[in-house]
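Let me begin by presenting the structure, written as structure tokens, before commenting on it.
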Amino acid sequence: MTITAPPFDPTASGPTAARPAEPRSLFALADALSAQDLIDAARAIDAGRTPEREAALMRHHGLRVPGLVETPFEYQAALRARERGFFAFDRLERAFLPPAPGWIHHDLRPDHFAIRLDVDRLAAPKMWPFSQDAPVADFEVTAAPRWWSHGLVHAMIGFAWWPGLREWAVMHMARLGEAVAALHWYWLGELGREYCPQHTIATTDGVPNCPECQRLARRTHSAEARAERLADPKLLEVAQNAVDVLRYELHCYRHGLETNTLEIPSSDYLTIGESCDYALYHHRRLTSPSFQRWLEHCMAPGEDYATGPVAFSARCARVLDALLTPAAEPEPDEAVAGRRAVRVLQDIGWRLCHAAALREQATTGFEAGLRAVGEAIDRLRDGADEPEAVLEQALAVAVAELEATEGAPGAAEVLAVGYRPTLDPAREPAAMLAARVGAYRRRVGAAGSPLRLVIDALDPVAERVVRGPRQANLAADYNEAVEAAGEVGEITVEQQTAAAWFFVAAQGWGPDRARELLPLAWYYRLSTRTLPERARWHEYQLRPNPYLSGLGFPFRIDWLEALFASDGATLRERKPAVATSAMHALVGPGRHGPRVLPLTEHRQRLLARTAGWPTVAEVLAEGPTTEDELQAALREELLICLGI
């Protein structure tokens, strides 16, 4: 991919007298950097990779998403983030608190910050709830893997804060931070990857849905293939482009802060303009008493955040330098446990401050929990011997205070963080586990998965899912947890059998395929959801839903029907009744998610009656089917109704 940086004169960036001290370390790094340096760094990093080191990375980050560390710099970003304790939350299973009223810019409205969990993604405004000041990285397990290392780079860079911080400075720092993260996304992270002649990284966020691109992506798993790719002379053009863009963005950063004018690149350049949106969405939060309170309790100036624009550029330089420098032998998990615990507590600390602002207690709310969090961070920085114990104790205090204010705005959401807070599952507070299980169940429900009917009744299964490393496919996570729970007797044989059947019913609609199945099929586009007015009954045909097919069911159909009616409680309260004859259910994609319909005698009669595609008038005239029964059949998508 080639994104040409506009030409610039680094000496023409404003009056010398008005120029603040240059962020020399960043400018020096950019000035000295060459395209060959990037290629050499990629080769050296890749040479140091081993399966054991990659396994340590995945243990720390707690994910099982293919493609996270395929190329050298993707691996390097994960390694450097681990060294500093950073990791990512899953947007799909994190509860996001709404902004406090005082944080909303006068040109924005509360609905600009609205968040909705969709089938396989979190639908939210572009810059909310993502924030560059978060102590954990933003990721979504159903998104392209490169978003993961992109978010880790953002987390490592962090943010700057000082009294009197203005939107203008927030925008420029957001732009520079995004430029470094984009440098990794579009250039560094691409060194070692291949595409077919028709596609590039600009084609899609993920690997293009092209057989040749898919084949080349699989080759990236091979060290020999990466080495071959890194020897390609064409990569020098990619690397030089990276250097040019970095130098251009540094010029824009310095020029904008010196002259109060925006350097606006050409239309085919990166969408760095999102940093303007970021400043509008987040400036008032960043300058609120809540944010300052968080800084005082949980963050060390100069270490956890920069204290001025020059210091921020130096912070970017340190991250970029770390990405370009091959690491020595990775530290053992125990050595980074304390740093990871600090990030968890910083995240919890901010969420407490956020929830306090929603209660209009920005400077006083959740005082005990916030004090415990801050003191634990200090102990961890001093090298506490048992970081997990320190983390557990602080979380217990914060959870107790949140539980004591049950029903207060944001109190319940604070605990659904989208990741396992403790390395040892046994040390996680029960309330946090319950909140994360609830978030997982909401995700299953948002996906429309048939699993929602059984997951609510199988607590051991849900808990096993959220305690383990996560992947995009809901059905795969669920099935592994069912098998593990069954092996140790946490669920009955009957529950395990029923759970396995629902896995079969759901696996055609895992969120890994949701985007592929989301576009409405043609029959659904044309068919009506309700019966037409009586005068037009003769114009509309009724047909069995062509997208549903029969799937054998091992239990009695009336038990399955009761399970749907009870929304999962039946599975917990009584055993499924074993079928005495062949039983079936209809399974397939519905308008907005999977459909599972027990094939009762009533439904069988309706299917038989409409097999010849009669009109609505014919079906109702012959009886005994009623208008209400037909409406119900259309609503549950057993039948479809088409105008002739």
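The values are calculated or read from the model by the stated rules, or taken from the named source; none is laboratory data. All figures in this text were calculated on a predicted structure; none of them were measured in a lab. Please note: Cβ atoms are built from the backbone with ideal geometry, for glycine as well, and neighbour counts cover all protein chains shown. Surface areas here come from the heavy atoms of the whole protein model, side chains and all, with no ligands, DNA or RNA. Shrake-Rupley method; radii C 1.70, N 1.55, O 1.52, S 1.80 Å.
Please give the Cα centre distance for region 401-465 versus region 280-317, rounded to the nearest Å.
Result: 30 Å between the Cα centres.
Counting DSSP beta bridges in the chain, what percent are antiparallel, to the nearest 5? Display every interim value, and only then the final one.
Working: 19 of 25 bridges.
Beta bridges within the chain, antiparallel portion: roughly 75 percent.
Suppose only helical runs count, i.e. DSSP H with n ≥ 4. What mean residue ellipticity at 222 nm does that imply for the chain under -39500 (n - 2.57) per run, divided by all residues and rounded to the nearest 500 deg cm²/dmol?
Details: 27 runs with 327 residues, N = 644.
-16000 deg cm²/dmol, from helical runs alone.
Over region 56-148, what relative contact order in percent results from Cα pairs under 8 Å that are six or more residues apart? Write out the running numbers ahead of the final one.
Details: 87 pairs, mean separation 31.4, N = 93.
Relative CO of region 56-148 lands at 34 percent.
In the chain, carbon and sulfur make up what percent of the accessible area (probe 1.4 Å)? Numbers along the way, then the final one.
Values: 14320 of 27080 Å².
Taking all protein chains in place, the chain shows 53 percent carbon and sulfur surface.
Hey, can you grab everything whose amide H is under 5 Å from the amide H of Arg470? Only 5+ residues off in sequence or another chain; H modelled, so Pro and N-termini drop out.
Close amide H contacts, sequence-distant or interchain: Leu63, Arg64.
Please flag any cysteine in the chain that has no other cysteine's Cβ under 4.7 angstrom from its own Cβ.
Cys196, Cys252, Cys276, Cys298, Cys316, Cys353, Cys641
Please give me, ordered by residue number, the GluC sites (Glu not before Pro) of region 293-396 that lie in loop per DSSP and have at most 16 other Cβ atoms within 10 Å. Show your work: numbers first, answer last.
Numbers: sites: Glu296, Glu303, Glu334, Glu360, Glu367, Glu375, Glu388, Glu392; in loops: Glu303, Glu360.
Listed in order of number, the matching sites are Glu303, Glu360.
Just to confirm a number: summing +1 for Lys and Arg and -1 for Asp and Glu over residues other than Glu622 whose beta-carbon lies under 15 angstrom from that of Glu622, what do you get?
Values: positive: Arg605, Arg609; negative: Glu618, Glu627, Glu629.
Net charge around Glu622: -1.
When the Karplus curve 6.51 cos²θ - 1.76 cosθ + 1.60 is applied with θ = phi - 60°, which whole-Hz ³J(HN,Hα) does each residue of region 508-525 get, with x for Gly and Pro?
Each residue of region 508-525 in turn: x, 9, x, x, 5, 10, 4, 4, 5, 9, 4, x, 4, 5, 4, 4, 5, 5 Hz.
The list (1) 93, 57, 53; (2) 72, 56, 54; (3) 95, 47, 43 gives values of Cα extents along the principal axes in Å, and only one came from this structure; which label was calculated from it?
Here Cα extents along the principal axes in Å agrees with entry (1).
Pop a pseudo-label 7 angstrom from the Cα along the beta-carbon direction at both Ala430 and Thr200 and give the gap in nm to one decimal.
5.8
Averaged per residue, what accessible area in Å² does the chain show with a 1.4 Å probe, protein chains only?
Working: 27080 Å² over 644 residues.
Counting only protein heavy atoms, the per-residue value for the chain is 42 Å².
For a test of the definition: using alpha carbon positions, the gyration tensor, and the 1.5 limit on a/c, classify region 517-644 as rounded, prolate or oblate.
On the way: a/c = 2.22, a/b = 1.68, b/c = 1.33.
Prolate, since a/c reaches 1.5 and a/b exceeds b/c.
What distance in nm separates the simple spin-label points at Glu360 and Ile264, each placed 7 Å from Cα in the Cβ direction?
4.2
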